[in-house]
Structures are given as C-alpha cells and as structure tokens.
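A short write-up of the structure that comes next.
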Amino acid sequence: MAGHRAMVKLIRFLFVCAVVLAIAVCGFVGVTIWHFGRDLPDYQQLAHYQPPIATRVHAGDGRLLAEYATERRVFVPIQAIPKRVINAFLSAEDKNFYSHHGIDPLSMLRAAVTDVSRLRANRRPVGASTITQQVAKNMLLTNEISIERKIKEVLLATRIEAALPKDRILELYLNEIYLGAGAYGVAAAALTYFDKSLDELTLGEAAFLAGLPKAPNHYNPKRDPQAARARRDWVIDRMVEDGLVSQTNAVEAEGQPFEPHRRQEAAQAKAPYFAEEVRRELLARYGDKVLYGAGLSVRTSLDERLQAASDKALRDGLIAYDHSHGGWRGAIARIDLKGDWAPRLAKVPVPAVVRDVGWQLAVVTRTNGDTAIGFANGATGYIPFSEMRWARAWHGAGSFGPSPRRAADVVKPGDVVMVQPIAAAASKSGAASASLPAAFTLCQVPEVSGAFVAMDPHTGRVLAVSGGFSFAISQFDRATQAKRQPGSSIKPFVYLAALDHGFTPSTLVDDAPISLPQGPGLPMWSPTNYARLNHEARFRGPTPLRVALEQSLNAVTARVASMIGMEPIAQTVERFGIMDHMPREYSMALGAGETTLLRHTAAYAMLDNGGKRITPTFIDRVQDRNGATIFRADNRPCSDCSDIEWQKQPVPVIPDTREQVADPGSAYQIVTMLQGVVERGTGTVVKAVGKPIAGKTGTTNDWRDAWFVGFTPDLAAGVYIGYDDPDSLGDDETGGHIAAPVFRDFMIAALKDAPATAFRTPQGMRLYRVSAATGLPVGGKEPAIYEAYKPGTEPGQNRNLGLRSKSGDEDQDEEPVASAREAEGAAPSTQLPLPTRMPMSLPPRGAPAGGTGGLY
C-alpha cells in the first residue's frame, strides 16, 4: 500500500513537472515568437510582388538597342510553366510542398541529425528548407547563417502559407531563384544554359535546372560537367521515387548526352552613345530602381542606317585628320617571333577599341617589300606601303620626323599593331588576285575627337548620335555634354535678327575695319576677316548680306551687330535654344559663347522647318511591364486617335502645336542664304552631295574648334571636331576643311536613295532674279539666282540700310518673275508631328571678353 501511494505521488510529481515544463516550453515558444516576430518583414507584400525584370530599349524599327537590369530574369506565370519543370523542382527541393504548411518537421529532424556529424567535421550544415522557407529567405531575409535568421524564416514561412495560395508561392520561387551564370528564374536559366524556352526543355534539361539551387556555381556544366551530370541524374531518380516519372523515361533521359548550349546573344543595334543618352534620361525621369527592375519597354527614335553612316563618317574624318596631323605613335606591343609566335600574340591584351570599331591585332613578320603580318588564328596578310605613307614618327609636342620612305621606317618585325582590312587586294599589275593574302591598312586611335548628330527637323526626333571616336575609349558624349564655342556657325542667327529688323539678303553692309567698345576699362574690339596664314585680311567694301554670310565675313557681322544691337541678337539665340543666357557682348555675334552640338543642330533644324520650335528627343514612348504607355514624346491632342477599329471615318487631323519662334519669311531667307554657303561660299565641299542642301561652317580662334551644321528639307545634321583639351587643330584648319567633309560623307550615305527635294517656301514670299554677287536684278541671260523677298522689301527697297552713307545710285526696281511656289514648284510649309517639351537648361560657362569668336 505504501508502495502504491509512493507511485501515485511520483506520477503526480511527474505530471506536475510535465505540465510545468509544457507551460515553460509554451512560454518560451511564445516569447520567442513574440521576440522575433516583432520586426519581421511585411510578408503581405508578396501577394503583389513583381520580381525585377530588365528594361529593354529598342531602336525606331523595334530592334533591341540595350537592356538594363541588376538581375537577368524573364518572368513567367505559373500557368505557363510546364508540369515537367515544376515536378523536377518539387522532387529536388520540396516533395511535400503541396501538403505541408510552410515547414516540414520530418525533413528538419533528418537534417538536424545529419548536421551533428557535419559540424564535428567542420563542414557547412545541410538545409531542410521548404520552398516556402526559401521564398521567405530569398525575398524577405538575408543569407546569414544563424539561429535567429532560421527562426524568422520558419515564422515567415508559416505566415506566408496562411496568406498566399500554393501556386503563388511556387510562382515566386521559380521566378526568383538564382540558378547560376547570372540567370534568375527558370525561364532565364533555360535560355542561358540551353538557348530554349521552358516548353522546349527535355526531361534531362529540366532535371538539370532543378538541381542547380543547392549550389549553382558548383554544378555549372562549364566548371564541372561530371558533377552537373551526376546532379541531373540524382534529380531524375528522385522524380522516379516520387512517382512523377516512369523508370523507362528516366533511363532514357539519363542516357542522353549532357550538352548545354550557351545562349546566342540576339543581334543588337549598335549605338552606344545614343543608348547611354537614353539611359541617363530614364534614370533622371524614373530613378535607378525603376530603370533596372521595372521591366520598361522603351521605343527610341534611333535610325540604325543613319547611325551607321554617322559613325563611319565621323571616324573616317577623325582618322583622315590624324593621318595628316597626328603622326605615328608606335606599336602597342612587341613580341618575340622565334618559333611559334601565335600563342604569344594571343596573350597580348586586346584594346577595347579594337573590338568596338572592327579592327584586328596583328604582328609584323617582315618589312621588306609590302609589310607581312600575321594573326593569332594563323591567318596572314600584308600592309601596302601606300597604307602607311602617312605614318611620320611622332616626337611629341607637335614634332614629327620626315615622311617614311619604306616600311622599315614605320614598323619592325615583332611589332604588334592594329589593322583593318581594305576593300580589295590587288596584284602589282593592278588586277585583283585570289592567290594574294588579304590587304590591310595600318591603324591607330586619333588623339583628336569630335561628335555628330542627325535629327528630324520637323519633330526634333534624334536619329543618330556619335559622341566620339569610340565609346569603348571614352563614354563622354561630345554631342550632348561638351560645350564649345560655335564660331561662325552662330552667324545665321545674327543675320536672322537683322532680317527681322528690315534687312534683306541684298542689303549692303560696309565690309571695312571696325572697332567696337567692350565696356569700361576694356580695349576696343576690332575683329578682322579670315585670311589664310601669312596673308593679310582684305575688306570688300559695301557687300550684300548674302555674300557676307556665304563668305563668313567677320567685319560685316560685327557691323550688323552694332547697327541692330546685341539685345535682339541675344534674344534670337536664346529663343532658338542655342544658349540659355547669352552675354550682351559684341564678341558673341562671332560665336564666342558656348553651346553643345545637339542644341546647335536643333537650332538649325528650326530654321529648316520654318521657324517652329522643336526640342530634341531620344525617346518616343515608354511602356510599363504590362504594356501601358506611361510616357509619350508627342503630346499633341488627338481625341480620335484612340479608335481601335476603322469604320470609314475620316483620318484624324492632328494640330500643329509648335511655337513659332521666328518669322517664316526670315527663316526661309536664311535657308536660301545657307544654300549659297554650300554653292559658292565656305562650304563648297558639301556640293558633292548633289541635292538641295544648306549649312554653315564654323571655326574659332586659333583654329581650336571646327564645325559644320546644315540640313536638307527633311534631315538636319551637325558635326564638331576638336581636342578634348582645347588646342589648335593647325593653321588654316577651318570648319570647311575638317568638319564639312564629314557632313558631306554622311549626307551622301543618308540621301543615297532619296529624291532631290526643294526647300519648302512660305506663302507670300516673292522670288526675283538677282546677281548672287551684287544682289542687283539681272537680265534673262546673265548668271543669277532666285532671291526671296518679303512683300514690301523687293530689290531696291532697304538696299542701302546697312551703309552709313545713303548716297549713291538708286537701285533699279523689277517686277517679280513669279511667286515662290510658281518658280520652284514647292509646296507651302507643311505641319508635321513634333513634341512640345521645353529644352533642357544648360547654362553656358561664358567666354573670354574680347575674343573674335568665329573666323571662317
């Protein structure tokens, strides 16, 4: 009896202890949940979570231009993921996924037992995380290995299971998981490893992807193909155990060769400066989080054909200048030619510019006769001496050696040089021969730089941008970021202001020495006309305004500025967006201020379109990941443009909302005067285009900057050439000599298949036959041009406005031969699409007082 009572007491004691222990455990668990649950991330966000996906930028024709992302991912909804892929991941990672509630206690117990032995061996513990736990860790926590993180992971997993359906959790997992080689999510991994979409994957390929989450770098087939294959087979065996695959299919899958195929990158449009300008604009507009993760679809205005023509014309122009002024700066490396030299050549670091511009690295193997060269792949070629005659030895500080007489004066065997194939190799007799090795030209990167811009003058859509010789060398965009003095290319806007103050293209202005005040305490400013080196500047006396612009006469321009004042000139320059705040100084009339090539080209485009404001735009449209348009450059109202079905209703009429920034008649007169620059003036090299074209050269003091900006009726373009660290381009190296040939070559390529189109003439303008040299009316047999006049300013009216003395013979009046449209058959200025945003604010840095600015 006593023993029975003792047993009862023991049972009671144990029961009480069990109860106390249970209460303590529950209390401990409760306190733990409370402690770690206080600062848990908001798991509710996963219900609306959208994984980061790449922003894709497309050219005007839809071709891919660039992608911007921190993680390479293609999001695929769970309904579109094949069952084979889902089953493979479930067998490999969490076979009980659809039955547990966020955690799998049995798996955790097995892992705990295994980890005891692994910890003794100082090895990393194995995991027992369910797919839900992995979602919690990857999307809400960190990869820290700690008890605290594991507890939070378990808590979050149970709460996620309570809040989200299983398919949503699995969808997040399969699109978020990192699978190596920079691929996030199963769709990106399928493309990366096999160049396939998900529904094209075989059982073995799906099993391989499912085996990657455990150790994606270790099982990378490029690093360890045997381990990758073994992991694939293990996943297939697990699928058999889980009853998801038959033994027959498993044996067949394991017997297939394991041959990953790396993804072939899609051909992209090549316009790195353009793409970078778009990236900067998107970053400023939306921020880096949206740019690199929101999956935007961006359609730009890039024209690939014009971009290729722009790149080629600019590079050819820079190389041509370098060949005539730069000198040969030597080989990039030397190697020993003894024995098999190809492996040694292959180890020479390849400059980034070589790949960017399509050059190749070669080693000189012989210099007697034509220079023999060899390549790392065993190919051979030669460099004709004619392709290296330019290569004078460079001694630094502008000092050069004599012109080479033989190849050995330029290169030596063992020199590693950059070369580019030339069109055809010819035999010594001049006939092409297939037996000869390929011919190459000797290359080097020019020290001089420049930029090129092309745009639609009616809309402001930028069609091409070349911001330098090579984006691989310098990402600085000289078209949009470099501020340089425009020189004489500013003069059309000085004369535009004069035309608005009663001048005509035939108005005479005295081309004579002139001195103008610069302000208290400063010397007088006395600009002179351009004169070739060692020649004195000459003056022409009374000169028509047209001739003054065609010949870029500085004295006439300064006199016009003194007559009408700098205020209207500055207002014109600011209205056209060349500068935001132009100093009211006379030197500004000759281009002593600063602007960018993009802004200057846009100003010329406004002359071309009849004086309508445009703003340069790179982006036409931006859509979010769901296809909704969130930005459109063309914001003109059009209520009927949203119709999705045509039922024979009238075509929508879109209003022209462009602001008129100049009198259309004055703008057209400047256009015709700029045609004269090409026909008879400083830009005659551009005549080779062979179609109606207008433009103006620009050169600054000491020949530091060379410009040519011009246009056809439907295409505007500008080119600038100069050193990044401003320095002289050389005596007499003007915009007409250096920049105009680049413009010409671009226009020849751009207008190759385009018909000749006359410039559009505003209504009301009258055309008269006058002498291009004097501006006086001429008879029917004398050489003449058709000059445009506004009503009331016909020949004889205001002709002597620009002369100090009003004396002289009165000019003969003449009836107009025809209206502008009758004479040229040109249609009146049309109203075309355009954006209406204001230009960017780029305040000039100012210019030294007293500079003469434009030279030629």
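The values are calculated or read from the model by the stated rules, or taken from the named source; none is laboratory data. These figures come from a predicted structure and were not determined experimentally. Backbone-built Cβ (ideal geometry, glycine too); neighbour counts: all protein chains shown. Note: areas computed on protein heavy atoms with side chains; ligands, DNA, RNA excluded. Shrake-Rupley method; radii C 1.70, N 1.55, O 1.52, S 1.80 Å.
Once every Cα of the stretch 258-400 carries one equal point scatterer and solvent is ignored, give the base-10 log of I(q)/I(0) from the Debye formula at q = 0.09, 0.14 Å⁻¹, two decimals.
-0.51, -0.98
Based on the mean of other Cβ atoms within 10 Å per residue, sort peptides 740-747, 307-314 so the most packed one is first.
Going from most to least packed, we get 740-747, 307-314.
For a quick protection proxy, order the peptides 451-457, 253-259, 624-630 by their average other-Cβ count within 10 Å, most packed first.
Numbers: 451-457: 28.1, 253-259: 12.7, 624-630: 10.7.
Peptide ranking by packing, descending: 451-457, 253-259, 624-630.
State the dimensionless ratio Rg/Rh of the stretch 700-740 (Rg: radius of gyration of Cα atoms; Rh: Kirkwood radius).
Over the Cα atoms of the stretch 700-740, Rg/Rh equals 1.07.
Please report the accessible area of Glu304 (heavy atoms, 1.4 Å probe, ligands and nucleic acids excluded) in Å², nearest 10.
Taking all protein chains as shown, Glu304 has close to 40 Å².
Å³ per residue of the Cα convex hull, for the stretch 631-692? Before the final figure, lay out the partial values.
On the way: hull volume 12.5 nm³, N = 62.
Here the figure is 201 Å³ per residue.
How big is the accessible area of Glu200 in square angstrom, nearest 10, if you roll a 1.4 angstrom probe over the protein chains?
100 Å²
So how much accessible area does Lys214 have, in Å² to the nearest 10, using a 1.4 Å probe?
140 Å²
My understanding is that a pair violates if its Cα-Cα distance is over 21 Å; which of Lys483/Lys612; Lys83/Lys222; Lys137/Lys166; Lys83/Lys166; Lys95/Lys196 do that in this structure?
Details: Lys483/Lys612 24 Å; Lys83/Lys222 27 Å; Lys137/Lys166 17 Å; Lys83/Lys166 15 Å; Lys95/Lys196 26 Å.
Distance filter (> 21 Å) returns Lys483/Lys612; Lys83/Lys222; Lys95/Lys196.
Applying the Karplus parametrisation 6.51 cos²θ - 1.76 cosθ + 1.60 with θ = phi - 60° to the phi angles of the stretch 620-627, what ³J(HN,Hα) value in whole Hz is obtained for each residue in order, glycine and proline being reported as x?
So the Karplus estimates, Gly and Pro as x, are 7, 7, 10, 10, 7, 5, 9, x Hz.
At each listed q (0.21, 0.24 Å⁻¹), what is the log10 of I(q)/I(0) that the Debye formula gives for the stretch 437-535 modelled as equal alpha-carbon point scatterers?
After summing over all Cα pairs, the log10 values are -1.19, -1.30.
How big is Rg to Rh over the stretch 649-738, alpha-carbon atoms, Rh as the Kirkwood inverse-mean-distance radius?
When Rh is taken as the Kirkwood radius, the ratio is 1.14.
Place a +1 charge on the Cβ of each Lys and Arg in the stretch 509-658 and a -1 charge on the Cβ of each Asp and Glu, then give the dipole magnitude about the Cα centre in debye, rounded to the nearest 20.
For the stretch 509-658, the charge dipole is close to 180 debye.
Tell me, what is the FRET efficiency for Lys214 and His501 to the nearest 0.05, using R0 = 60 angstrom and their Cβ-Cβ distance as r?
Once the sixth-power term is evaluated, E becomes 0.15.
Please give every one of the aspartates and glutamates within straight-line cross-link reach of Lys270, meaning a C-alpha to C-alpha distance under 16 Å, and leave out same-chain neighbours fewer than 8 residues apart.
Asp61, Glu67, Asp303, Glu304, Asp311, Asp356, Asp477
Suppose we look only past 23 Å in the calculated P(r) of the stretch 548-633. What percent of the Cα-Cα pairs does that tail hold?
Counting pairs separated by more than 23 Å, the tail of P(r) holds 38 percent.
Which cross-chain or sequence-distant (5 or more) residues have an amide H under 5 Å from the amide H of Asp620, H modelled 1.01 Å from N in plane?
Excluding prolines and chain starts, which carry no amide H, the hits are Arg299, Thr300, Ser301.
Just to check I understand the Karplus step: with θ = phi - 60° and J = 6.51 cos²θ - 1.76 cosθ + 1.60, what whole-Hz values come out for the stretch 329-345, glycine and proline as x?
So the J values, rounded to whole Hz, are 9, x, 5, 8, 6, 9, 10, 7, 8, 5, x, 7, 8, 4, x, 5, 5.
Of the listed peptides 484-493, 334-343, what is their order by residue-averaged count of other C-beta atoms within 10 Å, with the highest listed first?
So the peptides 484-493, 334-343, ranked by packing, come out 484-493, 334-343.
If Met139, Met606 are ordered by their accessible area, calculated over protein heavy atoms with a 1.4 Å probe, which sequence runs from highest to lowest?
Met139, Met606
Across the stretch 84-100, in residue order, what do the Karplus-derived ³J(HN,Hα) couplings come to in whole Hz, using 6.51 cos²θ - 1.76 cosθ + 1.60 with θ = phi - 60° and x for Gly and Pro?
3J(HN,Hα) across the stretch 84-100, in whole Hz: 4, 5, 4, 4, 4, 5, 5, 5, 7, 10, 6, 5, 9, 3, 7, 10, 8.
How large is the Kirkwood hydrodynamic radius of the stretch 221-338, counting all unique pairs of alpha carbons, in Å?
Working: mean 1/r = 0.0469 Å⁻¹.
Across the stretch 221-338, the inverse of the average 1/r is 21.3 Å.
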